[in-house]
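Structure first, then comments.
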Amino acid sequence: MKYCMKIQLTVFAMGLPFLDSFSNAAGRGVWHADELGLADAQVIATGHAALDAQLPGGGWPVGAMTELLQAAPEAHVWRLLLPGLAQAVQARGGPVVLVGAPYEPCGASLAAQGLPVESLMCVRSEAPAARLWACEQALRCADVAAVVAWLPQARVGELRRLQLAAAQHELLLFVCRPESVALSASPARLRLRAECCEADASQIELHILKRRGPPLAAPVLLPARNERMAALLAAARLRRKLRHQQQGTVPAGETAGARVVRIDAWKGGQHALDRLAVVA
Amino acid sequence: MHWIALRWLPEAITSGSPEAQALPTPEALGWWALQYTPHVAWQDEALMLEVSACERLWGGRLQLMRQLVAANPAPDVRMLGTQGATSLIALARLRLFVREEKRPADMPAGLPLDTLSAAREHLDLLARLGCRTWGDVAALPRGGLTRRFGAELRAALDTAWGLRPESHAWLTLPDVFEQKLELPALAETGPELMWSANRLLSALQIWLRARQRGARSLELQWTLDLKRFNGVNLPPHQQLTVRTAEPTQDMAHLRRLLSEKLALATLAAPASWLRLRTLETDPWAGASTSFLPEDNRKGDRLHEMVERLSVRLGAQQVVVPSAQADHRPERKQAWRPALHMNSSQPAKSARNDRAAASQPDAIYPPWLLPEPLLLEMDGERPCYRGPLSKLVGPQRVEAGWWGDKEEGGQPAMRDYYVAESPEAGLVWIFRERPSARFSSGEVRWYLQGFYA
């Protein structure tokens, strides 16, 4: 149907020249369903260029709910959200409220990746109703930068309420839910499903289930580890290979792909205990 | 002398819910009037304001009346106001106004006799004497009137004509807010106290505005009606305290905190009296305004949200991390209740801790387990959702050898590894290093965090 609409528009524009200017002017307000939609509100870049290219407006929508579906509640959350959250904290300056986080976030790790420790606030609660209430209260607060909530049992009506609150107060809202709800309806403007890549464990497969744009044919692939971790793993692999070579046995499958990576582990810092010791 | 008499008529409105008619206490209404003139007193049912010295400040009598009506402290309740040369005349005119009668032509003499409080007990006799107005009584001979009806009636008439000075006990603003109120009915549960607490809160708001202070902590106390209940001796009072981080004159926030606390409170016995007092107040600087859009975001303040969450869920459920200078990951950050965010540690140690927490090259996992999880062993290899293969490590941590019980009990001697689990992805595990003194000799592996 969307193609019919487009063809009709083109026919009109060709046949009636005075409509040309009109269709040009209206073009900005018209979203063709086969193109990626424009953001009608502010967005915050995700920090992953491959993902930005597939999102309407080029980032996480501010003032709308983004739903993240994963197999385990802790999986991939920080890898996907952390750059965006760090930007939001820098721009707005308030805390990121985590409602019902599955484990304790480690401040040192997040601080190393750009999210300061003092901009975290955790609401621990097991009851679904209390989580929803806390979420809504956090959304109504003017000083909060973003809300990340784990709501495995939320119903559609409750999610819609949160979506409205986020729209009213123009906040980043991420809701993490289990994979099993992928087929049910949701008021979220953007729905993503993240899973580990079967072929390569160092990649995240990101399926965009819902967005303002055409359905995504192939999933977006993102690195599952940050640069530092990837470099560390590559260096460890290289060491292992060298040691095997010295011992005269080269295991199959580990010959190609290893790069020499320099780690600036000795630069700066205070405690020798915190440095990395890479041994095979 | 010029007097204004004010009266609030809660029963005058028939529409509207009973909650809307919660009038502040009479003292509080007096405190509100103190902003216009220092001479305020309650006389019978009316609040009397003596304004001869200050009416010029407010732009004349008419202007002052308009301002009084516009700034009604109880907007849901109709306020009536009249003026007069003496307090008795103003009061009599107010009574006529309430009865919706016209004012007489000659002012003090033509007023009907039942509008004079001092003549009320003698009304029948005076009517039989043929006296219907103030002027009729004032025309009676002085000596006979005093002997027959007592000195008060003659004195009141003299006062009304301005022949005698008036004396009043002027209201003053107390230094500490403390108000008591009897409940309309015995309350058995916490939420039933809320209606009367609302009246006290609106009185508190008037007091705070008059004193130009903001409330930081309040105490609500209720008197128990029973001395013994189910064989247990009861204390005479029960109370709860409400605190807020920033001084406020906004009662909506305090009301929410109070109602959340009252919903959790249990009354040991039915309560009959309610008392509210301020524990801490701060000078009120006024609300600052800004034209910049980023300063004018709509929504609550952060401390209001934190207080609201903490009061319903419990202070231990709303927490913020603070960095600590320790190498054991489970002690590297401490979770404190977000309520005490502002009462922070000294600046220098905070800066050190922050520096320790933000080393850019540390490879901590983003998720930590609250307690290290003892892993099962498959021969030599630890298992967590499948056998683990160590990728990076060891990173050696030796800490806590100085500590006593609350510092962690025993020294931590650990070798940390980044390992890969076939199902859970990258995990952070450690091996307790066997040491001669503190361990039994067997090798134990623990899971501490997830890189997922």
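Miscellaneous remarks
- Residues of region B:315-336 satisfying the condition of being within 9 Å of another protein chain (Cβ to nearest Cβ), of a type outside the set (V, I, T) and free of Cβ contacts under 8 Å to residues at least 24 places away in the same chain: B:Q316, B:Q317, B:P321, B:W335
- Residue in region A:160-181 that is assigned by TED's automatic domain parsing to the domain that holds A:V62, of a type in the set (D, E) and closer than 20 Å to B:G425 by Cα present: yes
- Scope region A:81-103; condition more than 18 Å from A:G59 (Cβ to Cβ) and either surrounded by fewer than 23 Cβ atoms within 10 Å (Cβ to Cβ) or more than 9 Å from every other protein chain (Cβ to nearest Cβ) (or both); matching residues: A:G93, A:G94, A:L98, A:V99, A:G100, A:A101, A:P102, A:Y103
- For region A:153-167, the count of residues that are part of a helix (DSSP H, G or I), free of Cβ contacts under 8 Å to residues at least 12 places away in the same chain, within 12 Å of chain B (Cβ to nearest Cβ) and touching a Lys or Arg at 6+ places or on another chain (Cβ under 8 Å) is zero.
- Within region A:141-150, considering residues that are in contact with a helix residue (DSSP H, G or I) (Cβ under 6 Å, 6 or more places away or on another chain) and without any contact (Cβ under 8 Å) to a residue 60 or more places away in the chain, the one farthest from B:E304 (Cα to Cα): A:A149
- Only one of B:L204, B:L193 that is assigned to a helix (DSSP H, G or I), under 19 Å from B:T248 (Cα atoms), in the same structural domain as B:L276 (by TED's automatic domain parsing) and out of contact with any Pro (no Cβ under 8 Å at 6 or more places or on another chain): B:L204
- A:R240 within 14 Å of chain B (Cβ to nearest Cβ), within 27 Å of A:H48 (Cβ to Cβ) and modelled with pLDDT of 65 or more: no
- Residue in region B:283-317 that is surrounded by the most Cβ atoms within 10 Å (Cβ to Cβ), counting only those that are assigned to a loop (DSSP other than H, G, I, E, B) and hydrophobic (A, V, I, L, M, F, W, C): B:W284
- Test result for B:A245, among the hydrophobic types (A, V, I, L, M, F, W, C), farther than 29 Å from B:V40 by Cα, out of contact with any helix residue (DSSP H, G or I) (no Cβ under 6 Å at 6 or more places or on another chain) and not in a loop (DSSP other than H, G, I, E, B): no
Yes or no, residue by residue, for (1) assigned by TED's automatic domain parsing to the domain that holds A:Q163; (2) modelled with pLDDT of 50 or more; (3) among the hydrophobic types (A, V, I, L, M, F, W, C); (4) surrounded by 11 or more Cβ atoms within 10 Å (Cβ to Cβ):
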residue: A:K6; (1), (2), (3), (4): no, no, no, yes
residue: A:D20; (1), (2), (3), (4): no, yes, no, yes
residue: A:N24; (1), (2), (3), (4): no, yes, no, no
residue: A:G27; (1), (2), (3), (4): no, yes, no, yes
residue: A:L69; (1), (2), (3), (4): yes, yes, yes, yes
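Let's see how each residue does on (1) at pLDDT below 90; (2) small (G, A, S):
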| residue | (1), (2) |
| --- | --- |
| B:L173 | no, no |
| B:Q179 | no, no |
| B:P184 | yes, no |
| B:G190 | yes, yes |
| B:A197 | no, yes |
| B:Q205 | no, no |
| B:E219 | no, no |
| B:D225 | yes, no |
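- Filtered by the rule that a residue be at the interface with chain A (Cβ under 10 Å from one of its Cβ atoms), assigned to a strand (DSSP E or B) and over 51 Å from the mean Cα position of the chain (by Cα), region B:418-434 gives B:V418, B:E420.
Table: residues versus (1) among the hydroxyl-bearing types (S, T, Y); (2) modelled with pLDDT under 90.
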residue: B:E101; (1), (2): no, yes
residue: B:D106; (1), (2): no, yes
residue: B:P112; (1), (2): no, no
residue: B:H122; (1), (2): no, no
residue: B:T133; (1), (2): yes, no
residue: B:R142; (1), (2): no, no
residue: B:L145; (1), (2): no, no
residue: B:A151; (1), (2): no, no
residue: B:G162; (1), (2): no, no
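- Residues that are touching a strand residue (DSSP E or B) at 6+ places or on another chain (Cβ under 8 Å), touching a residue at least 40 places away in the same chain (Cβ under 8 Å), more than 9 Å from chain B (Cβ to nearest Cβ) and assigned to a helix (DSSP H, G or I) are absent from region A:117-134.
The values are calculated or read from the model by the stated rules, or taken from the named source; none is laboratory data. All of these numbers come straight from a predicted model, not from anything done at the bench. We place every Cβ from the backbone using ideal geometry, glycine too, and count neighbours over all the protein chains shown.
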